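Here the structure is laid out as structure tokens; the discussion comes afterwards.
What follows draws every value from the coordinates through simple rules; no lab data is involved. The structure presented is a predicted model; accordingly, all values stated were derived computationally and were not measured. In this analysis, Cβ positions are derived from the backbone assuming ideal geometry, glycine residues included, and neighbour counts consider all displayed protein chains.
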């Protein structure tokens, strides 16, 4: 998953999801060229986002969109799941 780097990441941020394995044009680091050419930067994988959502759901079944965004940002910045006090 790639995200368009505007001022801040929010629920309305532009994202680009590609099938990495299907992308043939690659840079020297074996990363797909298309997202970078369109101005996107690498963010998290779909599997990461699913794990973040599952972890949050286990901690708080009635989480809000803001809590989900906080959990995603926490994972992105710390490479760890957020701990919520229910």
A chain fully extended from residue 80 to residue 42 at 0.36 nm per residue, minus the present Cα-Cα distance, gains in nm 11.9 nm
Going by how many other Cβ atoms sit within 10 Å of their own, how do 6, 48, 21 line up, fewest first? 21, 6, 48
Helix 65-78 against the longest principal axis of the chain: what's the angle in degrees, Cα atoms only, rounded to the nearest 10? 60
Where does the chain land at 222 nm, in deg cm²/dmol rounded to the nearest 500, when only DSSP H runs of n ≥ 4 count, each adding -39500 (n - 2.57), divided by all residues? -11500 deg cm²/dmol
Can you tell me how the range 1-67 classifies by the Cα gyration tensor, rounded, prolate or oblate, using a/c under 1.5 as the rounded cut? oblate
